[in-house]
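Encoded as structure tokens, the structure appears first; notes follow it.
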Amino acid sequence: MFSILKKNKLKFVSPVKGKLKNLDNVKDESISNRDLGDGFAVEPMDTKIVSPIDGEVTLVFKTLHAIFINNEDGPDILIHIGLDTVNLNGEGFKSFCEVGQKVKKGDLLMEVDFEGIKDKVLSCDVIVLAQEEASFKILKEDQIVQCGEKEIVEVK
């Protein structure tokens, strides 16, 4: 019973300052259809990407466009930065994390030159996807959220 209570109180923070979006509004069919898991997206208004959860970094793609984090108290996540950003081969990205690193909510993971890459990619959305079954309720949809802001989504 206690694990159920804990799971119902999962807390995520915003990975970046920007407009909070439901996955339905992401310009990628596999993401908007939740084929890769449920989650949320933020249309960025700043360059700093922080960890939305407490956990351990398990993979940083060589192209720096995506990071996997094992969650300490809930679903593991994928942070996918932009759409078609894999084709940039790391251009415009600077990593501040590595595999095996323990992270806390709000720890800096990446800086991205969104101004420099926005005309080269389909979208700059920062997308957070659960890698296990989870259901996200967006609490501040279409509102501007601050980097590290709490109570932006509920996770069950």
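Quick look at the numbers
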item	result
Matching label, Kirkwood radius over Cα pairs in Å computed from the structure shown, candidates (1) 17.0; (2) 15.7; (3) 15.2	(3)
Extension reserve of the Q143-K156 stretch, reckoned as 0.36 nm per residue once the Cα distance is removed	2.5 nm
Gaussian network model of the chain, springs between alpha carbon atoms under 10 Å - residue of K48, K94, K62 with greatest fluctuation	K62
Estimated 222 nm signal from helices in the chain, with DSSP H stretches of n ≥ 4 weighted -39500 (n - 2.57), rounded to 500	-1500 deg cm²/dmol
Charge context of A130, other residues only, Cβ under 10 angstrom, K/R +1, D/E -1	-3
Label-point gap, in nm, between D35 and T58 - each point 7 angstrom along Cα→Cβ	2.2
Rounded accessible area per residue of the chain, 1.4 Å, Å²	51
Centroid-to-centroid separation of region 125-155 and region 90-118 [C-alpha atoms, Å]	18
Accessible area of the chain belonging to carbon and sulfur atoms, whole % at 1.4 Å probe	47
For a label point 7 Å along the Cα-to-beta-carbon line of K27, residues of region 83-126 with backbone N under 18 Å	83-89, 113-126
Region 1-93, relative contact order in percent, only Cα pairs under 8 angstrom and at least six apart counted	23
Computed accessible area, F61, all protein chains, 1.4 angstrom probe, square angstrom	70
Nearest-10 value in Å² for the accessible area of H80, using the 1.4 Å probe	40
Efficiency of FRET between K11 and L122 - r from beta-carbon atoms, R0 35 angstrom, step 0.05	0.70
Mean separation of Cα contacts under 8 Å, 6 or more apart, over the residue count of the chain: relative contact order %	35
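The values are calculated or read from the model by the stated rules, or taken from the named source; none is laboratory data. No experiment lies behind these values; they were computed from the predicted model shown. Reconstructed Cβ throughout: ideal geometry from the backbone, glycine too, with neighbour counts over all protein chains shown. To get the accessible areas, we keep the full protein, side chains included, count just its heavy atoms, and leave off ligands, DNA and RNA. Shrake-Rupley method; radii C 1.70, N 1.55, O 1.52, S 1.80 Å.
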